[in-house]
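Written out below as structure tokens is the structure these notes cover.
The values are calculated or read from the model by the stated rules, or taken from the named source; none is laboratory data. Since the structure is predicted, the reported quantities are computational estimates derived from the model, not experimental observations. Ideal geometry is used to build each Cβ from the backbone, glycine not excepted, and the neighbour counts take in all protein chains shown. These accessible areas exclude ligands, DNA and RNA; they are computed on the full protein's heavy atoms, side chains included. Shrake-Rupley method; radii C 1.70, N 1.55, O 1.52, S 1.80 Å.
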Amino acid sequence: MTPVPASPLDAFLHAMPKLELHCHLFGTVRHDSFAALNRRAGSPLADEEIEGFYTRGEKPVGVLRVLRALDAQLVRVPDDVHRLTFEYLEDAAAHNVRYAEFFWNPTGTVRDSGIAYPIAQQAILRAIHDAQYEFGITGRLIAAIDREASPEAAVEMVGWVTANRCEEVIGIGIDYREVDRPPELFLQAYRDARRAGLKTTAHAGEFGMPWTNVRTALELLQVDRIDHGYTVVDQPEFARECAERGVLFTVVPTNSYYLRTLPPERWALDHPIRRMPGLGLRIHPNTDDPTLHKVTPTQAWGMMVRDFGFGLDDLRGFMHNGLAGAWIDDTTRRAWRVQWSAEFDALRARLPQDTPPSGM
Ligand SMILES: [Zn+2]
């Protein structure tokens, strides 16, 4: 799975210590694993359909239908959940991701795959432990609300998490289609989660949804960080508030919405990611759905340089942002900051003088 680094910059980006804070388990499924699960299920999906899932066109379509297919037709036993988790962590570790907080939507799995929550969670925990042992990567699970399901289903899901508390399940998030499903619908689930001591994040301001969804997530749901959040750039005063509060935005360079809606020659220039740091916002780049977006952690960081024009000092800052916003204890945070900064600087010192080329 590890691509051969193609340039000194790619080798650097591959080697630098990384964490990942925004990645969906079902968006990490390897092509061959997807095909194998499909065959075992009696091939409910045609081969061309699966090829289509893994094709990223000029104007890429979203991946939500793929994620639904996994719950509806392919994931059937706890070992499936273990396999997907273990393979994701193996692939992430191959890119020097040392620590990964990843999303999984229990509602769909329990409802459509018919695997009870405690059993599915147990399978994921087993994979986290196996991957830590095999590859040295630390995995942490974020149970994500399926916002296309009902607010009651979200409350029920948080109830499952709190009834099965363990240190590897550190918080909740919310994802799937934000259109017509604003954050305030899920206030009760977030209240319950915070009361139980869980960390919280939310997808908000994705799909061009208004910046007010970001504000609602922060002020009403009181989330600890924001996933995407791009439309925050539409309201500079609010962006300034977020900057002052030090809110972390986990951004996704490959996010389909802007690739689809902005003209190709303007895409990278007009993308909010390019503007966010200039507004004082803390951002950290992530893969989101790596196999479906055809992106690795190394490439996601590479896009920050090649597409959005950031330099190595910026990348070092993004790495620190990620550590600041990760749900780790402060002793670990301080230790990793010192250690990772030293590694980053040592790798940087070995780069040719003109890396990345100026004027990008
Ligand atoms: Zn996402």
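For every residue, the table says whether it meets (1) within 20 Å of Arg348 (Cα to Cα); (2) surrounded by fewer than 19 Cβ atoms within 10 Å (Cβ to Cβ).
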| residue | (1), (2) |
| --- | --- |
| Arg274 | no, yes |
| Leu279 | no, yes |
| Pro285 | yes, no |
| Asp288 | no, no |
| His293 | no, no |
| Trp301 | yes, no |
| Asp313 | yes, yes |
| Met319 | yes, no |
If we scan the stretch 191-206, do we find a residue that is under 21 Å from Arg177 (Cα atoms), surrounded by fewer than 18 Cβ atoms within 10 Å (Cβ to Cβ) and within 16 Å of the ligand (Cβ to nearest atom)? no
Give me the pairs, please: first residue somewhere in the stretch 130-147 and surrounded by 19 or more Cβ atoms within 10 Å (Cβ to Cβ), second residue anywhere and of a type in the set (A, V, I, L, M) and part of a loop (DSSP other than H, G, I, E, B), beta-carbon distance under 8 Å, and either six or more positions apart or on two chains. Ala131/Ile137
Starting from residues that are in contact (Cβ under 8 Å) with a residue 60 or more places away in the chain and away from the ligand (no atom under 14 Å from the Cβ), keep the ones in the stretch 224-260 and report whichever is nearest to Val179 (Cα to Cα). Arg260
Being part of a helix (DSSP H, G or I), open to solvent by 30 Å² or more (accessible area, probe 1.4 Å) and either under 29 Å from Lys59 (Cα atoms) or touching a strand residue (DSSP E or B) at 6+ places or on another chain (Cβ under 8 Å) (or both) narrows it down to one of Leu347, Leu259, so name that one. Leu259
Filtered residues of the stretch 9-44 (kept if surrounded by fewer than 21 Cβ atoms within 10 Å (Cβ to Cβ), not in a helix (DSSP H, G or I) and not hydroxyl-bearing (Ser, Thr, Tyr)): Pro17, Arg30, Ala41, Gly42, Pro44
Does Glu48 qualify as being of a type outside the set (A, V, I, L, M, F, W, C) and touching a helix residue (DSSP H, G or I) at 6+ places or on another chain (Cβ under 8 Å)? no
Return the residues of the stretch 172-197 that are in contact (Cβ under 8 Å) with a residue 40 or more places away in the chain and touching a helix residue (DSSP H, G or I) at 6+ places or on another chain (Cβ under 7 Å); say none if nothing qualifies. Tyr176, Arg177, Phe186, Ala189
Take the residues in the stretch 96-106 that are more than 14 Å from the chain's Cα centre (by Cα) and either open to solvent by less than 10 Å² (accessible area, probe 1.4 Å) or among the polar types (S, T, N, Q) (or both); name whichever of them is farthest from the ligand (Cβ to nearest atom). Asn96
Could you say whether any residue in the stretch 286-308 is free of Cβ contacts under 8 Å to residues at least 60 places away in the same chain, away from the ligand (no atom under 16 Å from the Cβ), more than 21 Å from His203 (Cα to Cα) and in a loop (DSSP other than H, G, I, E, B)? yes
Quick one: how many residues across the stretch 45-61 are surrounded by 11 or more Cβ atoms within 10 Å (Cβ to Cβ), touching a residue at least 60 places away in the same chain (Cβ under 8 Å) and assigned to a loop (DSSP other than H, G, I, E, B)? 5
